[in-house]
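Chemist: Quick one: this structure, given as structure tokens, is what I'll be asking you about.
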Amino acid sequence: MTRFPRGMLFGLSALALLATPALAQTVTSSGKQESVFPPWQHGANNDAIDRGLGFTIPEVDNLADFHGDLDSPRLVLYVGGNYFFAMARLVQAFEADHPEYKGHIYWETLPPGLLARQIEAGGRITVGNMTWTAKPDAYFAGLMKVKGLIEQGVLVGPAVPYATNDLTIMVPKDNPAHVKDLADLGKPGIRLAMPNPEFEGVARQIKIALTKAGGDALEKMVYETKVKDGTAKLTQIHHRQTPLWIMQGRADAGVTWQSEAEFQEQAGHPISHVAIPAADNATAVYAGAAVKGAPHPDAAKAWLDFIHAPEALQIFARYGFKPYIAH
């Protein structure tokens, strides 16, 4: 298992090196050739106006989780990667109401644990041969993670919850391994791509769901026994690696958020999902907060006000998210 040095992230572009050339192309539902390698949105998730030389080579050279223009950002967002696919629409809607930020929003969509390490490193990060600094204004992750960072003095309260999400089992289109429930993930012949508990908060909810469905034995089978024997691979950037490995034929299934499966299906990729019954499922509450010492505190507040407004929630609903309702 790869470990990132404390306070610095090296080699995140290594995701591209995990590719299988033979599966570089797949046929979408429209019949057009489309790369299965991220980024999957062909530049749509980029707020920069002047893009200069275009050099993005899926599988070899890409920065799929970094978006926008670092030259003079007026708002910097650290967003847990669970809704990277919704960010372009959210940014466009925000800029329509706040045109002064158009072309000046930069955001990252890494797992929340890695974003927290980047905050600790002063916003500095290294990807491949490039190092840069992007000090965040606001941070978004699961509600428990956000509250914890507020208690540590990293973020400034209050936490702002805005949406919820449920788990699902992502599988290849037509589900050739015939996975029908969480219990099937414990079978020896089922190859898994599972989020890494070290820095991916979704793993905690997945372990809860596995325990509901099959007790401690199923949770240990998936996250211990199968990891040791190699039939379960732990991801490094879960919201891109699970579908990528499935499309490459390297995994038969993986537990993800439902929204991630719906995005892949809407994109026309050969991905499907198996619903998890409510009794076995786990629900995440997404929240955000301003970062202590944010360079643009007014911009952070404007985004936090926007993220739970009806217009933003309509965008989230497109991918299966539900509005957060306080109890």
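The values are calculated or read from the model by the stated rules, or taken from the named source; none is laboratory data. As the structure is a computational prediction, the values presented were derived from the model and not from experiment. Positions of Cβ are backbone-derived with ideal geometry, glycine not excepted, and every protein chain shown enters the neighbour counts.
Chemist: Please specify each residue of region 309-327 satisfying the condition of being touching a residue at least 24 places away in the same chain (Cβ under 8 Å) and in a helix (DSSP H, G or I).
Modeler: E311, A312, L313, I315, F316
Chemist: State all residues of region 92-106 that are touching a residue at least 60 places away in the same chain (Cβ under 8 Å) and touching a strand residue (DSSP E or B) at 6+ places or on another chain (Cβ under 6 Å); if no residue qualifies, say none.
Modeler: If the condition is that a residue be touching a residue at least 60 places away in the same chain (Cβ under 8 Å) and touching a strand residue (DSSP E or B) at 6+ places or on another chain (Cβ under 6 Å), then Y101 is the only one that fits.
Chemist: Kindly indicate the residue of region 254-296 that is hydroxyl-bearing (S, T, Y) and more than 30 Å from R74 (Cα to Cα) and also modelled with the highest pLDDT among those meeting that condition.
Modeler: Among those residues, the one meeting the criterion is S272.
Chemist: Quick one: would you say P99 is surrounded by fewer than 16 Cβ atoms within 10 Å (Cβ to Cβ) and either within 19 Å of G288 (Cα to Cα) or at pLDDT 95 or above (or both)?
Modeler: Judged against the criteria, P99 is a match.
Chemist: Go through (1) over 26 Å from E120 (Cβ atoms); (2) in contact with a strand residue (DSSP E or B) (Cβ under 6 Å, 6 or more places away or on another chain) one by one and return the number of the condition W257 breaks.
Modeler: (1)
Chemist: Output the number of the condition that I206 fails; it satisfies all remaining conditions of (1) part of a helix (DSSP H, G or I); (2) touching a strand residue (DSSP E or B) at 6+ places or on another chain (Cβ under 8 Å); (3) surrounded by fewer than 20 Cβ atoms within 10 Å (Cβ to Cβ).
Modeler: Checking I206 against (1) part of a helix (DSSP H, G or I); (2) touching a strand residue (DSSP E or B) at 6+ places or on another chain (Cβ under 8 Å); (3) surrounded by fewer than 20 Cβ atoms within 10 Å (Cβ to Cβ), the one that fails is (3).
Chemist: Whether any residue in region 270-277 is of a type in the set (S, T, Y) and in contact with a Ser or Thr (Cβ under 9 Å, 6 or more places away or on another chain) is what I want to check.
Modeler: No: region 270-277 contains no residue that is of a type in the set (S, T, Y) and in contact with a Ser or Thr (Cβ under 9 Å, 6 or more places away or on another chain).
Chemist: Could you list, in sequence order, the residues of region 110-153 that are of a type in the set (S, T, N, Q) and modelled with pLDDT under 95?
Modeler: If the condition is that a residue be of a type in the set (S, T, N, Q) and modelled with pLDDT under 95, then T126, N129, T131 are the ones that fit.
Chemist: Tally the residues that are touching a Leu at 6+ places or on another chain (Cβ under 8 Å), of a type in the set (A, V, I, L, M, F, W, C) and farther than 18 Å from A309 by Cα, restricting the search to region 131-164.
Modeler: 5
Chemist: When you scan region 46-153 for strands (runs of 3 or more DSSP E) that lie fully inside it, which ones turn up with 2 or more residues that are within 24 Å of Q236 (Cβ to Cβ) and of a type outside the set (V, I, T)?
Modeler: Where strands (runs of 3 or more DSSP E) fall fully within region 46-153 and carry at least 2 residues being within 24 Å of Q236 (Cβ to Cβ) and of a type outside the set (V, I, T), they are 75-79, 105-108, 130-133, 138-142.
Chemist: Could you tell me which numbered condition F306 fails, if it satisfies all but one of (1) touching an Asp or Glu at 6+ places or on another chain (Cβ under 8 Å); (2) hydrophobic (A, V, I, L, M, F, W, C); (3) part of a helix (DSSP H, G or I); (4) buried (at least 21 other Cβ atoms within 10 Å of the Cβ)?
Modeler: (4)
Chemist: Further question: Can you confirm whether Q205 is of a type in the set (S, T, N, Q), on the phi < 0 side of the Ramachandran plot and assigned by TED's automatic domain parsing to the domain that holds I105?
Modeler: Taking the combined requirement at face value, the residue does not satisfy it.
Chemist: Looking at this structure, is A294 within 19 Å of G80 (Cα to Cα), touching an Asp or Glu at 6+ places or on another chain (Cβ under 9 Å) and outside any helix (DSSP H, G or I)?
Modeler: So A294 passes the test.
Chemist: For Q264, which of the numbered conditions (1) surrounded by fewer than 17 Cβ atoms within 10 Å (Cβ to Cβ); (2) outside the structural domain of W40 (by TED's automatic domain parsing); (3) assigned to a helix (DSSP H, G or I) fails to hold?
Modeler: Against the list (1) surrounded by fewer than 17 Cβ atoms within 10 Å (Cβ to Cβ); (2) outside the structural domain of W40 (by TED's automatic domain parsing); (3) assigned to a helix (DSSP H, G or I), Q264 comes up short only on (1).
Chemist: Looking only at region 71-80, decide whether some residue is of a type in the set (D, E), in contact (Cβ under 8 Å) with a residue 40 or more places away in the chain, assigned by TED's automatic domain parsing to the domain that holds L304 and closer than 18 Å to N46 by Cβ.
Modeler: no
Chemist: Looking only at region 154-184, which residues are assigned by TED's automatic domain parsing to the domain that holds K212 and in a loop (DSSP other than H, G, I, E, B)?
Modeler: The answer is K173, D174, N175, P176, A177, H178, V179, K180, D181.
Chemist: Quick check on region 242-252. Is at least one of its residues surrounded by fewer than 21 Cβ atoms within 10 Å (Cβ to Cβ), free of Cβ contacts under 8 Å to residues at least 12 places away in the same chain, on the phi < 0 side of the Ramachandran plot and not aromatic (F, W, Y)?
Modeler: No; the residues of region 242-252 include none that is surrounded by fewer than 21 Cβ atoms within 10 Å (Cβ to Cβ), free of Cβ contacts under 8 Å to residues at least 12 places away in the same chain, on the phi < 0 side of the Ramachandran plot and not aromatic (F, W, Y).
Chemist: Same structure again: Taking the condition free of Cβ contacts under 8 Å to residues at least 40 places away in the same chain, over 15 Å from the mean Cα position of the chain (by Cα) and buried (at least 21 other Cβ atoms within 10 Å of the Cβ), does V222 pass?
Modeler: When the stated conditions are applied, V222 passes them.
Chemist: Among residues belonging to region 119-153 that are buried (at least 18 other Cβ atoms within 10 Å of the Cβ) and of a type in the set (V, I, T), point out the one that is farthest from the chain's Cα centre (by Cα).
Modeler: I150
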